[in-house]
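S.K.: What follows is a single structure, and I will ask about it in a moment.
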Amino acid sequence: MNRPESFDPLADEILPFPHADEASVGEVICRDLLECGPDVPLHEAARRMSERRVSSILVVENDAVLGIWTERDALAVDFDDPETFA
């Protein structure tokens, strides 16, 4: 399989595997999802993610998913800039 490199390092790691085209996301997903409420402090959400060794946490309120907070989101937060939280 000869594919061009993408701009995404994760995709570049997955693409060379010969069976990547055969597997579906549904076959490999984690079904034991980590979730928290919208009022959970950032450090607590990060701690839970670290304990479970996952890179994201669903934010849920009243059985509705409000969004997802990811490791990438956490790394983008500038804790010295109050505007980050506005």
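The values are calculated or read from the model by the stated rules, or taken from the named source; none is laboratory data. Computed from a prediction, not measured in an experiment: that's the story for all the values here. Reconstructed Cβ throughout: ideal geometry from the backbone, glycine too, with neighbour counts over all protein chains shown.
S.K.: Of the residues SER6, SER24, which single one is among the polar types (S, T, N, Q) and at pLDDT 80 or above?
M.R.: On the way: SER6 fails: at pLDDT 80 or above.
Exactly one residue qualifies, and that residue is SER24.
S.K.: Can you tell me how many residues in the range 35-86 are touching a Pro at 6+ places or on another chain (Cβ under 8 Å) and of a type in the set (D, E, K, R)?
M.R.: Final tally of qualifying residues: 1.
S.K.: Which residue pairs have Cβ atoms under 8 Å apart, sit 6 or more places apart or on different chains, and have a first residue in the range 43-69 that is assigned to a loop (DSSP other than H, G, I, E, B) and a second that is of a type in the set (D, E, K, R)?
M.R.: Within 8 Å, the pairs are SER55/GLU71; SER55/ARG72.
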